[in-house]
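Undergrad: Below is the structure I would like to discuss, written out as structure tokens.
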Amino acid sequence: MFVAAPTRDRESIETFETLVLGFLPKADSATLLELARILAPCPDTPISVLDYLSRHSPDVRAIVLRHAARLPPALGTKQLATPEGRLALASQPDIDAAAIPRLLALRESAVEDALAANPAFAPDTASFADLLRRARCRPALASLLLTRADLPTSALASLYLTADPERRKVIRDRVAQALAHRRATVAFTLTEQDLADLLATCLKGDDRRLEHLLTTLFGFPASTEWRLLEIGRHRILALALKALGVTRRDAIRIFLTLHPALSYPLSTIRELIRELRDVPAPVALVVVESILDVRVFSGEVLA
């Protein structure tokens, strides 16, 4: 009757708590198991009742862990001690925000994946920002995050390199929409010497030097990590060149000379050229800054 009630005020919850705690010590194992199945999913079930049930047996505790809308504090603390418990906590439909940093602290991929898939984990939190930073280095995690419908544009843009073609177009459109409300746009004008330095550096295959040049041209922090040649990140080079206003002809020269992985097979360089064609320079700049987690020019655009 308690679970089926359309509404439950404070008085009815407190009365229910008193009654249940009075008869629980007299209930047999089968009854406690059934009570756990009925009461655990109810968000208004008193924590004291769930705590009593979870202490009865491993079977009852497993039901509480799997289905409870809220976990008793003591049980939550115990669950943090084991991989299985942490995974259960990360999957809770009403996850305790205070537990999330403690779950992330251990950097377990399975727990991170569970958090990424948990709609109760709000994107507008510092912990979610931490998860996003990890996703930039772990494509599987990024792919999970991209399935969420509640990601803000800034989060989507930061995961651009992992997105499929359809999702990349959605991201570009959302960034362009955000830019439409901006009063001014940023445009770069490279000198002949700037371009000559870029081309000469790529001719030597010196990716570290190229990253340094790009950081300087954009005015990014010296600690910025491009990782241009890392598999899965080549697209960011095309975006950076488009943002800087490098012509298609010169960009192709850069792709052909920096490293063979950028131009072979032919489909690879075609993808990079398509990026140059499809992404407007202002959008490319915002996406580059989002991927690199810097906000020199686009900070207010995706705020």
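The values are calculated or read from the model by the stated rules, or taken from the named source; none is laboratory data. Treat the numbers as computed from the prediction; the structure is a model and nothing was measured. Note that each Cβ is placed from the backbone with ideal geometry, even for glycine, and that neighbours are counted across all protein chains shown. Protein only, heavy atoms only, side chains kept; ligands, DNA and RNA dropped before computing areas. Shrake-Rupley method; radii C 1.70, N 1.55, O 1.52, S 1.80 Å.
Undergrad: If I filter the stretch 189-208 for residues that are surrounded by fewer than 16 Cβ atoms within 10 Å (Cβ to Cβ), within 30 Å of the chain's Cα centre (by Cα) and more than 20 Å from Cys137 (Cα to Cα), do I get at least one hit?
TA: Within the stretch 189-208, none of the residues are surrounded by fewer than 16 Cβ atoms within 10 Å (Cβ to Cβ), within 30 Å of the chain's Cα centre (by Cα) and more than 20 Å from Cys137 (Cα to Cα).
Undergrad: Looking at Ile269, is it touching a Phe, Trp or Tyr at 6+ places or on another chain (Cβ under 6 Å) and within 26 Å of Leu156 (Cα to Cα)?
TA: yes
Undergrad: Out of Ala122, Ala157, which single residue is touching a Leu at 6+ places or on another chain (Cβ under 7 Å) and open to solvent by less than 60 Å² (accessible area, probe 1.4 Å)?
TA: Checking each option against the conditions leaves just Ala157.
Undergrad: To continue, here is another question. Test Ala114 against the stated conditions and say whether it is out of contact with any helix residue (DSSP H, G or I) (no Cβ under 7 Å at 6 or more places or on another chain), part of a helix (DSSP H, G or I) and among the hydrophobic types (A, V, I, L, M, F, W, C).
TA: no
Undergrad: Moving to a separate point now. For the list (1) at pLDDT 95 or above; (2) more than 13 Å from Val246 (Cβ to Cβ), I need the number of the one condition that Leu213 fails.
TA: Only one criterion in (1) at pLDDT 95 or above; (2) more than 13 Å from Val246 (Cβ to Cβ) is unmet by Leu213, namely (2).
Undergrad: With among the aliphatic types (A, V, I, L, M) and not in a helix (DSSP H, G or I) as the only criterion, which of Ala187, Ala176, Ala140, Ala98 stands out?
TA: Only one candidate qualifies: Ala187.
Undergrad: Kindly check whether there is at least one residue in the stretch 51-64 that is assigned to a loop (DSSP other than H, G, I, E, B), at pLDDT below 85 and surrounded by 15 or more Cβ atoms within 10 Å (Cβ to Cβ).
TA: yes
Undergrad: With the requirement that a residue be at negative phi, free of Cβ contacts under 8 Å to residues at least 24 places away in the same chain and not in a helix (DSSP H, G or I), what does the stretch 210-227 give you?
TA: Residues satisfying the conditions are Ala222, Ser223.
For every residue, the table says whether it meets (1) within 22 Å of Ala178 (Cα to Cα); (2) surrounded by fewer than 22 Cβ atoms within 10 Å (Cβ to Cβ); (3) among the acidic types (Asp, Glu).
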{"residue": "Ile236", "(1), (2), (3)": "yes, no, no"}
{"residue": "Ala261", "(1), (2), (3)": "no, yes, no"}
{"residue": "Ile269", "(1), (2), (3)": "no, yes, no"}
{"residue": "Asp278", "(1), (2), (3)": "yes, yes, yes"}
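Undergrad: Against the definition (in contact with an Asp or Glu (Cβ under 6 Å, 6 or more places away or on another chain) and farther than 19 Å from Arg168 by Cβ), how does Leu229 come out, yes or no?
TA: Considered against the rule, which asks whether it is in contact with an Asp or Glu (Cβ under 6 Å, 6 or more places away or on another chain) and farther than 19 Å from Arg168 by Cβ, Leu229 comes out as yes.
Undergrad: Pairs under 6 Å by beta carbon, first residue in a helix (DSSP H, G or I) in the stretch 265-276, partner surrounded by fewer than 14 Cβ atoms within 10 Å (Cβ to Cβ), six or more apart or different chains?
TA: Pairs that qualify, where the first residue is in a helix (DSSP H, G or I) and the partner is surrounded by fewer than 14 Cβ atoms within 10 Å (Cβ to Cβ), are Leu276/Arg248.
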